[in-house]
Each structure stands twice: as C-alpha cells, then as structure tokens.
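Have a look at the structure below, then the notes.
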Amino acid sequence: MIYTVTLNPALDKTVEIPSLTVDSVNRITTMRTDPGGKGINVSKVIDKLGGKSIAIGILGGDTGRSIQTALKRMGLETDFCFVEGETRTNMKVIDPVNHTNTDINEPGVTVSKEILDALLDDLLEKISEGDIVVISGSMPKGSPEDTYYVWTKACREKGAKVILDADGALFATGVKASPYLVKPNNHELSRFAGRKLETVEELEAEAKKLMKDYGIKKVVVSMGGDGALYVTEEKTIYAEGLKVPVGSTVGAGDSVVAALAFAEENGSSLEDTARLSTATGGANVMCSGTQAAEYEVIESLMPKVVFRTL
C-alpha cells in the first residue's frame with residue numbers, strides 16, 4: 001500500500017488574471033478550487049494511474065471538512081486527524097498574458113508535537129514491510145524542526161520505503177534518516193549543496209554524493225522543462241522534458257512523485273519509471289489548477305518520452 005502524508009494541506013484556489021498588475025484592480029476571468037497539499041496531490045495522481053493510496057494528514061474547520069468531502073467524492077481513501085483551527089486556502093494566480101504563475105499561501109493551522117506523535121503512531125500501526133510512505137510538502141506551525149527526520153526514521157524501521165519530497169531545512173534534516181528515495185529539483189539540490197549546479201554532470205555527481213553520504217537508494221532530480229535525472233547505484237538515466245501546452249505548473253512535481261511511488265510499488269524498471277514519470281508530469285502540466293490528468297493523456301505521451309543512459 002502507498003500512504004501519502006500531508007501535514008499542511010490546503011484548499012487550492014486557482015484563478016486566471018490576464019496582465020496581473022500590482023497596486024491596481026485585477027479581474028479574475030476563470031476560477032477553480034481543488035483539494036491540495038503535496039501529499040494529497042500525489043494521491044489524486046496515483047488514483048488516475050490506476051493505483052491505490054491512503055491519504056493521511058491534518059485538517060481543520062470547514063475548509064478541512066470540504067477537502068475531506070471532495071477527496072471522498074473522488075473515491076480516494078483518507079484517514080485525516082482533525083484539529084482546532086482552519087485549514088489554509090492557497091491562491092494560485094495564473095497570468096496567461098505575461099506567462100507567470102504566482103502563489104499566495106496562507107500559514108494554516110498550528111499543531112503540537114503531541115498531535116504529530118499521535119498521527120505518526122497511527123500510521124505506524126498501519127504500515128508493514130514493503131509499503132511506500134510519501135512524505136512531502138511544508139509543515140504546519142508548531143511542528144518540531146526534526147519532524148521529517150522522526151517520521152522517515154520511524155517508517156523506515158517498520159520496513160517501509162520512504163519517498164521524501166521537501167526543501168530547505170526539511171530536506172536537510174529528513175535525508176539524515178536515510179529515506180529510500182528523494183526527489184529534489186535542481187534548485188533545491190543546489191541549495192542543499194551550497195552552490196549552483198548548472199550541468200547534468202554536476203547534478204548527477206551531487207545526487208550520487210547524497211546517496212553515499214546518507215544511505216539513499218534512489219535520487220530523482222527534476223529540472224522543469226529540461227527533464228529529469230533518475231539516479232541509482234547501478235545507472236543514471238536522463239529523460240528529456242516533453243514539449244506540451246502549459247495549463248498550470250502547480251503540482252507538476254507532485255505528479256512525478258506519484259508516478260515514482262506507483263512504479264516502485266509495481267517493481268518497474270528504471271527505464272519504465274522514467275518514461276511513466278515524464279509522461280505523468282507532462283500530462284499534469286497541461287491541466288488547470290491541481291487537478292490530476294486522466295490516464296489516457298498520460299498514456300498518449302509515453303511513446304514521446306526520450307531518454308538515455310549516462
């Protein structure tokens with residue numbers, strides 16, 4: 001089973017504002033809302049791929065209840081903990097004239113260490129050897145800085161394969177617990193390395209160093225429209241980015257993580273994983289908001305994926 005962890009979910013409100021102008025009145029031309037947060041986005045895409053997952057995390061208030069209702073309406077299995085406060089609403093502003101994407105994110109609820117510990121204990125009772133746990137996204141206010149380290153270590157010790165998708169301090173502390181797979185983008189990996197990594201060779205070298213230093217089995221480095229690197233101890237594959245019409249880039253990385261989790265659960269080869277992940281990422285870029293692309297679109301893109309072994 002695949003479990004997705006979203007400790008700081010959101011209701012994603014995506015709007016289009018042509019020629020967005022600061023310090024002026026702006027008119028919204030289109031709008032949609034989606035249940036969001038990185039782990040939730042992963043669960044939505046896994047469902048479209050034909051897989052199953054259980055989305056866990058923390059929700060609060062009427063917004064939280066609307067998110068849970070929406071996910072159940074999609075047929076997704078959830079096991080959220082409700083707390084005091086209101087789950088955040090995040091605004092994604094797309095300007096189709098200037099080709100910009102602007103995120104305005106609320107802080108969300110405040111939680112205690114006791115709430116997080118109880119949620120982790122509940123997860124540990126469910127998972128077993130070989131399960132996959134996706135830990136991704138930001139943490140709510142009040143969370144200890146070592147939360148992702150604690151969760152990754154505990155799930156790994158239960159025999160689960162942990163996929164970590166985080167940035168900054170969350171990534172730096174999480175990798176110390178030796179997750180099975182990490183998916184930084186090129187900018188995140190550069191920040192972790194403390195220098196700008198500009199070439200594929202530099203990114204591959206840093207990914208291999210990350211694996212050696214922290215006992216990580218696989219590293220996938222996403223590079224937006226430039227594609228992605230899939231690095232294991234045995235080989236490295238570079239997959240080119242697909243040229244597709246862009247609806248929204250929000251959640252594109254989450255769709256890649258979903259494909260990685262799905263492929264891992266099904267024992268796919270690195271080549272098939274690269275093909276599926278690239279096509280899934282491309283298909284979801286074509287969608288508006290954080291809705292998940294239909295499998296037919298993903299399937300149509302897979303023959304177009306170009307990759308090579310480095």
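The values are calculated or read from the model by the stated rules, or taken from the named source; none is laboratory data. Since we're looking at a predicted model, the values are computed, not measured. Methodologically, a virtual Cβ is constructed for each residue, glycine included, from the backbone with ideal geometry; neighbour enumeration extends over all protein chains shown. Ligands, DNA and RNA are excluded from the accessible area calculation, which covers all protein heavy atoms including side chains. Shrake-Rupley method; radii C 1.70, N 1.55, O 1.52, S 1.80 Å.
Which numbered condition trips up Lys38, out of (1) basic (Lys, Arg); (2) out of contact with any helix residue (DSSP H, G or I) (no Cβ under 6 Å at 6 or more places or on another chain); (3) open to solvent by 60 Å² or more (accessible area, probe 1.4 Å)?
Against the list (1) basic (Lys, Arg); (2) out of contact with any helix residue (DSSP H, G or I) (no Cβ under 6 Å at 6 or more places or on another chain); (3) open to solvent by 60 Å² or more (accessible area, probe 1.4 Å), Lys38 comes up short only on (2).
Let's see how each residue does on (1) under 14 Å from the mean Cα position of the chain (by Cα); (2) open to solvent by less than 20 Å² (accessible area, probe 1.4 Å); (3) within 16 Å of Val297 (Cβ to Cβ):
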residue	(1), (2), (3)
Gly215	no, no, no
Lys218	no, no, no
Asp226	no, no, no
Tyr230	no, yes, no
Lys235	no, no, no
Ala239	no, yes, no
Lys243	no, no, yes
Val257	yes, yes, no
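Can you name the helices (runs of 4 or more DSSP H) wholly within the range 204-310 that have at least 1 residues being of a type in the set (Phe, Trp, Tyr) and out of contact with any His (no Cβ under 6 Å at 6 or more places or on another chain)?
By residue number, 252-265, 295-301.
Conditions tested, residue by residue: (1) touching a Ser or Thr at 6+ places or on another chain (Cβ under 6 Å); (2) of a type in the set (Lys, Arg); (3) closer than 30 Å to Leu164 by Cβ; (4) modelled with pLDDT of 95 or more.
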| position | (1), (2), (3), (4) |
| --- | --- |
| Met1 | no, no, yes, yes |
| Leu11 | yes, no, yes, no |
| Gly37 | yes, no, yes, no |
| Lys52 | no, yes, yes, yes |
| Ile56 | no, no, yes, yes |
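Which members of the range 121-143 meet the condition of being outside any loop (DSSP other than H, G, I, E, B), within 17 Å of Leu170 (Cα to Cα) and open to solvent by less than 60 Å² (accessible area, probe 1.4 Å)?
Val133, Val134, Ile135, Ser136
Could you list all residues from the range 174-199 that are in a helix (DSSP H, G or I), open to solvent by 40 Å² or more (accessible area, probe 1.4 Å) and either polar (S, T, N, Q) or modelled with pLDDT under 95 (or both)?
His187, Arg191, Phe192
How many of the residues in the range 62-100 are touching a residue at least 40 places away in the same chain (Cβ under 8 Å), in contact with a Ser or Thr (Cβ under 9 Å, 6 or more places away or on another chain) and either of a type in the set (A, V, I, L, M) or loosely packed, with under 14 Cβ neighbours inside 10 Å (or both)?
Final tally of qualifying residues: 6.
Among the residues of the range 1-35, how many are surrounded by fewer than 14 Cβ atoms within 10 Å (Cβ to Cβ), outside any strand (DSSP E or B) and aliphatic (A, V, I, L, M)?
Selection size over the range 1-35: 3.
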